[in-house]
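Have a look at the structure below, then the notes.
The values are calculated or read from the model by the stated rules, or taken from the named source; none is laboratory data. Note that the coordinates shown come from a computational prediction; the quantities given were computed from them, not determined experimentally. Here the Cβ positions follow ideal geometry from the backbone for every residue, glycine too, while neighbour counts run over all protein chains shown.
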Amino acid sequence: MTRPRFNRILLKLSGEVLMGSGQFGIDPAMCDRVAREIKAARGEGHEVCVVVGGGNIFRGVAGAAAGFERASADYMGMLATVMNALAMQNALEQIGVETRVQSAIPMASVCEPYIRRRAVRHMEKGRVVIFAAGTGSPFFTTDTTAALRAAEMGCEALFKGTSVDGVYDADPKKVPTAKRYDTLGFGRVLADDLKVMDASAVALCRDNNIPIVVFNIRDEGNLAAVLAGEGVSTIVQNNA
């Protein structure tokens, strides 16, 4: 189905995407491929900012379940996102894309602190801004960070790059007959607990009228295709 054109977007990348085919850590080849997806999107005139997760290195919830105190585990997870952000910055700049990394936890030796007006100005100048360290506070996921930054940056949509090509009524990896939705309403996602993003992120997007586009970032060229209204995805929006 034809999608509306979104000029300024936030791309949410899970840490797991950056693992590539590995089980842990950062795959430089995968970072390069995602960077080329972002460069292609910019080449079509889209402004892009990015939020990265840290699950390929350390996940706060899992750490808390294993015995770490929750706040400390979440801070560890935030630091993991900074490593991923620097990896994506390196991949983008190696192919000629100017970037800035902004961290919600100040660490002036490696990146800028998060300052909303500065981030907006970077985007206006054509730079890709990569947001790291979540919100800077424990108990918030990077999904919520993505929704928050999308609202703050005035993004027209939040693109969630995953390993599946949209939202299904069941796990398509376990249920071959699972149905993929083309469109969904925010209320349906929350009522049916469809696991698009966590509930606070979905509600934040709903309240700020920011559509969530779920697509498979692992398929080469898919970001540009979905932005052009040609790729396979699910869009979650108001009045769907």
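Taking the listed residues G45, G54, the one that is under 20 Å from L148 (Cα atoms) and at pLDDT 90 or above is G54, with no other qualifying.
Listed by first and then second residue, the pairs linking a residue in segment 70-95 that is under 14 Å from C111 (Cβ atoms) to a residue that is aliphatic (A, V, I, L, M) and in a helix (DSSP H, G or I), with Cβ atoms under 6 Å apart and 6 or more places separating them unless they lie on different chains, are N84/L18; L92/A35.
Quick one: count up the residues across segment 112-136 that are within 18 Å of the chain's Cα centre (by Cα) and in a loop (DSSP other than H, G, I, E, B). Final tally of qualifying residues: 6.
Under the condition of being outside any strand (DSSP E or B) and in contact with a Phe, Trp or Tyr (Cβ under 8 Å, 6 or more places away or on another chain), which residue from segment 228-239 is surrounded by the fewest Cβ atoms within 10 Å (Cβ to Cβ)? Walk me through how you get there before you give the answer.
Going residue by residue through segment 228-239, those that are outside any strand (DSSP E or B) are 228-232, 238-239.
From what is left, the residues that are in contact with a Phe, Trp or Tyr (Cβ under 8 Å, 6 or more places away or on another chain) are 231-232, 238.
Working: G231: 19, V232: 16, N238: 13.
Restricting to residues being outside any strand (DSSP E or B) and in contact with a Phe, Trp or Tyr (Cβ under 8 Å, 6 or more places away or on another chain), the top hit is N238.
No other residue among G161, G166, G134 is in contact with a helix residue (DSSP H, G or I) (Cβ under 8 Å, 6 or more places away or on another chain) and either β-branched (V, I, T) or on the phi > 0 side of the Ramachandran plot (or both) apart from G134. Within segment 80-88, is even one residue closer than 20 Å to T162 by Cα, of a type in the set (V, I, T) and in a strand (DSSP E or B)? The answer is no; no qualifying residue exists.
For (1) touching a Ser or Thr at 6+ places or on another chain (Cβ under 9 Å); (2) buried (at least 17 other Cβ atoms within 10 Å of the Cβ); (3) part of a loop (DSSP other than H, G, I, E, B), each residue gets a yes or a no:
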{"position": "A170", "(1), (2), (3)": "yes, no, yes"}
{"position": "P176", "(1), (2), (3)": "no, no, yes"}
{"position": "A191", "(1), (2), (3)": "no, no, no"}
{"position": "S200", "(1), (2), (3)": "yes, no, no"}
{"position": "C205", "(1), (2), (3)": "no, yes, no"}
{"position": "N209", "(1), (2), (3)": "no, no, yes"}
{"position": "V214", "(1), (2), (3)": "yes, yes, no"}
{"position": "R218", "(1), (2), (3)": "yes, yes, yes"}
{"position": "V226", "(1), (2), (3)": "yes, yes, no"}
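With respect to the conditions (1) crowded, with 23+ Cβ neighbours inside 10 Å; (2) at pLDDT below 90, F159 falls short on a single one, namely (2). If you filter segment 137-152 down to residues that are within 14 Å of the chain's Cα centre (by Cα) and surrounded by fewer than 21 Cβ atoms within 10 Å (Cβ to Cβ), you find that the one that is nearest to I38 (Cα to Cα) is A151.
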